[in-house]
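Each remark here refers to the structure printed beneath this line.
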Amino acid sequence: MGLQPFRRILVTGGAGFIGSHFVRLALEHDLEVVVLDKLTYAGSLLNLEGVLDHPRLHFLQGDIADPAAVAEAIAGCQAVVNFAAETHVDRSLLEPAAFVQTNVWGTMVLLEHALRTGVQRFLHVSTDEVYGEVLTGAAREIDPLHPRNPYAASKAAAEHFVFSYWTSYRLPVLVTRGCNTYGPYQHPEKFIPLAITNLLSGQPIPLYGDGLHERDWLYVDDHCRAIWTVLLHGQPGQAYNIGASQHRPNIAVARAIVHLLGADPASIVHVSDRPGHDRRYAVEWSKLAALGWAPRTSCEEGLARTIAWYRSRPDWWTARRDEAFAAYYARNYRDRGTPVTQP
Ligand code: NAD
Ligand code: DAU
């Protein structure tokens with residue numbers, strides 16, 4: 001991967017799904033890693049099991065929207081990688097304010113401190129959802145942003161602030177726009193882990209609408225390597241799409257999981273659709289490929305690995321699933337007019 005110019009980096013949201021995998025990757029290099037994480041329902045120190053007591057890892061519990069917490073965490077860092085966010089589209093439809101607070105205001109607080117401390121790189125982890133639905137072809141980095149749900153709108157708003165700090169102050173920012181990511185330690189509110197843990201619990205897979213909505217599925221290790229590549233080799237002021245070229249309609253993903261778990265095909269149950277549900281996401285990622293990155297994990301291989309992990313870790317997912325059911329699934333499905341059964 002070449003030489004790293006950084007001795008100490010701040011990883012916000014490093015106790016979440018992708019962030020925790022990225023922390024492991026960063027620790028393989030000779031770096032001090034500071035993690036700032038609020039430990040919301042989506043974050044957990046368990047996600048950092050095996051590295052939490054690493055001598056080069058420093059964990060701080062705190063909010064990216066809290067200037068004092070950010071000032072403490074960023075001290076001495078040459079780079080920031082901002083994963084911290086509210087990330088679930090269905091929750092954003094129920095409680096959008098939290099998404100503005102963390103994803104927009106929190107990013108602003110980080111930008112201000114990054115500017116004051118003069119970091120060499122500010123990498124903001126964004127999403128392919130900022131383009132809105134892409135019915136044909138694939139979005140390029142120069143395409144306009146058309147976010148269509150509150151989560152995507154908050155991520156697009158954050159991006160505008162990030163780029164404004166490049167234009168206005170020459171803060172060396174980078175933005176990545178990753179596609180749908182999956183793998184171990186993903187919260188069971190998201191489609192793939194929800195489908196796996198539901199089947200493992202004897203529950204059906206709730207498939208929104210006709211199930212023909214299409215996503216591009218990226219294995220988490222590939223996403224982290226892409227962010228690392230952009231951090232080291234990206235051009236400040238630029239956005240980089242991260243795609244996997246593993247497009248699947250949701251029904252195909254559900255059928256693959258049913259097959260791999262040897263479950264009854266009747267366990268896929270159509271439920272009413274997500275409001276404003278984006279039909280398809282797709283990004284063109286040749287700009288990132290030119291930096292030397294390519295995904296390594298096929299959807300079939302990644303799904304098999306992910307299923308094996310969830311099979312072996314009910315201790316990790318059972319409480320999260322129960323908590324999510326109590327806090328949110330019941331409302332989600334009641335609002336959809338579909339039957340609710342306690343897992
Ligand atoms: P996640 O929900 O698993 O983790 C988010 C983490 O951020 C948690 O540890 C949480 O505690 C922390 N956090 C939330 N609010 C915070 C705050 N105010 N201050 C500090 N920490 C806070 O998310 P994820 O799926 O790992 O996504 C990480 C990033 O990648 C997000 O910015 C998301 O928008 C982006 N992204 C995710 C995907 C995907 O498919 N999961 C794809 C593309 C981009
Ligand atoms: O595209 C990147 C984005 O991918 C990230 O920025 C988001 O943080 C991440 O949550 C994800 O958003 P999606 O809305 O695409 O992911 P989710 O796992 O919620 O849903 C994937 C697809 O599956 C989507 O078309 C909705 C559908 N779905 C989801 C759930 C939770 C179902 O059919 N049933 C479900 O129960």
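The values are calculated or read from the model by the stated rules, or taken from the named source; none is laboratory data. Worth saying up front: this structure is predicted, and the values here are computed from it rather than measured. With ideal geometry, Cβ positions are generated from the backbone for all residues, glycine too; neighbour counts draw on all protein chains shown. Side chains included, ligands, DNA and RNA excluded: accessible areas come from the protein's heavy atoms. Shrake-Rupley method; radii C 1.70, N 1.55, O 1.52, S 1.80 Å.
What number of residues in segment 125-155 are under 20 Å from A97 (Cα atoms) and open to solvent by 40 Å² or more (accessible area, probe 1.4 Å)?
Total satisfying the criteria: 5.
Residue pairs, Cβ under 6 Å, 6 or more apart or interchain, first in segment 139-151 and free of Cβ contacts under 8 Å to residues at least 24 places away in the same chain, second open to solvent by 40 Å² or more (accessible area, probe 1.4 Å). List them.
Going by the 6 Å Cβ cut-off, the qualifying pairs are P147/A153.
Return only the number of the condition from (1) of a type outside the set (D, E); (2) open to solvent by 60 Å² or more (accessible area, probe 1.4 Å); (3) more than 29 Å from P144 (Cα to Cα); (4) not in a helix (DSSP H, G or I) that T297 does not satisfy.
(2)
Here is a check on your reading of the model: is V125 within 15 Å of ligand 2 (Cβ to nearest atom), over 18 Å from F6 (Cα atoms) and in contact with a helix residue (DSSP H, G or I) (Cβ under 9 Å, 6 or more places away or on another chain)? Spell out the reasoning first.
On the way: within 15 Å of ligand 2 (Cβ to nearest atom): yes; over 18 Å from F6 (Cα atoms): yes; in contact with a helix residue (DSSP H, G or I) (Cβ under 9 Å, 6 or more places away or on another chain): yes.
Against the criterion (within 15 Å of ligand 2 (Cβ to nearest atom), over 18 Å from F6 (Cα atoms) and in contact with a helix residue (DSSP H, G or I) (Cβ under 9 Å, 6 or more places away or on another chain)), V125 qualifies.
Output yes when any residue across segment 306-318 is touching a Gly at 6+ places or on another chain (Cβ under 9 Å) and either more than 21 Å from A42 (Cβ to Cβ) or at pLDDT 95 or above (or both), and no when none is. It would help to see each step written out before you state the result.
In the first step, residues of segment 306-318 are kept if they are touching a Gly at 6+ places or on another chain (Cβ under 9 Å); the result is 306, 309.
If we keep only those that are either more than 21 Å from A42 (Cβ to Cβ) or at pLDDT 95 or above (or both) as well, we get 306, 309.
Yes.
Quick one: in segment 159-193, which of the residues that are among the hydrophobic types (A, V, I, L, M, F, W, C) and without any contact (Cβ under 8 Å) to a residue 60 or more places away in the chain is farthest from V283 (Cα to Cα)?
First, pick out the residues of segment 159-193 that are among the hydrophobic types (A, V, I, L, M, F, W, C): 161-163, 166, 171, 173-175, 179, 191-192.
From what is left, the residues that are without any contact (Cβ under 8 Å) to a residue 60 or more places away in the chain are 161-162.
Values: F161: 22, V162: 20 Å.
Restricting to residues being among the hydrophobic types (A, V, I, L, M, F, W, C) and without any contact (Cβ under 8 Å) to a residue 60 or more places away in the chain, the top hit is F161.
Quick check on A98: is it open to solvent by 40 Å² or more (accessible area, probe 1.4 Å), under 23 Å from K190 (Cα atoms) and within 12 Å of ligand 1 (Cβ to nearest atom)?
On the way: open to solvent by 40 Å² or more (accessible area, probe 1.4 Å): yes; under 23 Å from K190 (Cα atoms): yes; within 12 Å of ligand 1 (Cβ to nearest atom): yes.
For A98, the condition - open to solvent by 40 Å² or more (accessible area, probe 1.4 Å), under 23 Å from K190 (Cα atoms) and within 12 Å of ligand 1 (Cβ to nearest atom) - is met.
What residue, of S168, S164, S154, is hydroxyl-bearing (S, T, Y) and touching a helix residue (DSSP H, G or I) at 6+ places or on another chain (Cβ under 7 Å)? Before you say what the answer is, go through the steps one by one.
Details: S168 fails: touching a helix residue (DSSP H, G or I) at 6+ places or on another chain (Cβ under 7 Å); S164 fails: touching a helix residue (DSSP H, G or I) at 6+ places or on another chain (Cβ under 7 Å).
Selected residue: S154, the only one of S168, S164, S154 that is hydroxyl-bearing (S, T, Y) and touching a helix residue (DSSP H, G or I) at 6+ places or on another chain (Cβ under 7 Å).
Tell me the strands (runs of 3 or more DSSP E) entirely within segment 204-265 that contain at least 2 residues that are modelled with pLDDT of 95 or more, away from ligand 1 (no atom under 13 Å from the Cβ) and open to solvent by 20 Å² or more (accessible area, probe 1.4 Å).
Values: elements: 205-208, 214-219, 238-242, 247-249.
Qualifying strands (runs of 3 or more DSSP E): 247-249.
Spot the failing condition for S126; the list is (1) of a type in the set (G, A, S); (2) within 24 Å of G43 (Cα to Cα); (3) part of a helix (DSSP H, G or I), and only one is missed.
Looking at each condition in turn, S126 falls short on (3).
Report, by residue number, each residue of segment 188-203 that is closer than 28 Å to R140 by Cβ and either outside any loop (DSSP other than H, G, I, E, B) or more than 15 Å from ligand 2 (Cβ to nearest atom) (or both).
We begin by selecting, within segment 188-203, every residue closer than 28 Å to R140 by Cβ; these are 190-192.
Hits for segment 188-203 are F191, I192.
Does segment 174-183 contain any residue that is among the aliphatic types (A, V, I, L, M), under 20 Å from S298 (Cβ atoms), within 18 Å of the chain's Cα centre (by Cα) and within 14 Å of ligand 1 (Cβ to nearest atom)? Working first, answer last.
Keep residues of segment 174-183 that are among the aliphatic types (A, V, I, L, M), which gives 174-175.
Subset that is under 20 Å from S298 (Cβ atoms): none.
Checking segment 174-183: not a single residue is among the aliphatic types (A, V, I, L, M), under 20 Å from S298 (Cβ atoms), within 18 Å of the chain's Cα centre (by Cα) and within 14 Å of ligand 1 (Cβ to nearest atom).
Any idea which of L48, L39 is on the phi > 0 side of the Ramachandran plot and either among the aliphatic types (A, V, I, L, M) or near ligand 1 (Cβ under 8 Å from one of its atoms) (or both)? Walk me through how you get there before you give the answer.
Numbers: L48 fails: on the phi > 0 side of the Ramachandran plot.
None of the others qualify; the one that does is L39.
For A85, state whether it is hydrophobic (A, V, I, L, M, F, W, C), without any contact (Cβ under 8 Å) to a residue 24 or more places away in the chain and either surrounded by 17 or more Cβ atoms within 10 Å (Cβ to Cβ) or more than 30 Å from S245 (Cα to Cα) (or both). Don't jump to the end; show me each part of the working.
Numbers: hydrophobic (A, V, I, L, M, F, W, C): yes; without any contact (Cβ under 8 Å) to a residue 24 or more places away in the chain: no; either surrounded by 17 or more Cβ atoms within 10 Å (Cβ to Cβ) or more than 30 Å from S245 (Cα to Cα) (or both): yes.
Here the answer is no, as A85 does not meet what is asked.
Test P150 against the criterion of being of a type outside the set (G, A, S) and over 29 Å from L10 (Cβ atoms), and give yes or no.
Details: of a type outside the set (G, A, S): yes; over 29 Å from L10 (Cβ atoms): no.
So P150 fails the test.
Which condition number in (1) away from ligand 2 (no atom under 11 Å from the Cβ); (2) closer than 30 Å to E72 by Cα; (3) within 20 Å of the chain's Cα centre (by Cα) is the one that E141 fails?
(2)
Filtering segment 266-278 down to residues that are surrounded by 16 or more Cβ atoms within 10 Å (Cβ to Cβ) and assigned to a strand (DSSP E or B), which residue is nearest to ligand 2 (Cβ to nearest atom)?
V271
Quick grid of which residues meet (1) part of a helix (DSSP H, G or I); (2) touching a strand residue (DSSP E or B) at 6+ places or on another chain (Cβ under 7 Å); (3) within 11 Å of ligand 2 (Cβ to nearest atom):
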{"position": "T107", "(1), (2), (3)": "yes, yes, no"}
{"position": "L115", "(1), (2), (3)": "yes, no, no"}
{"position": "V130", "(1), (2), (3)": "yes, yes, yes"}
{"position": "G137", "(1), (2), (3)": "no, no, no"}
{"position": "F161", "(1), (2), (3)": "yes, no, no"}
{"position": "S168", "(1), (2), (3)": "yes, no, no"}
{"position": "V175", "(1), (2), (3)": "no, yes, no"}
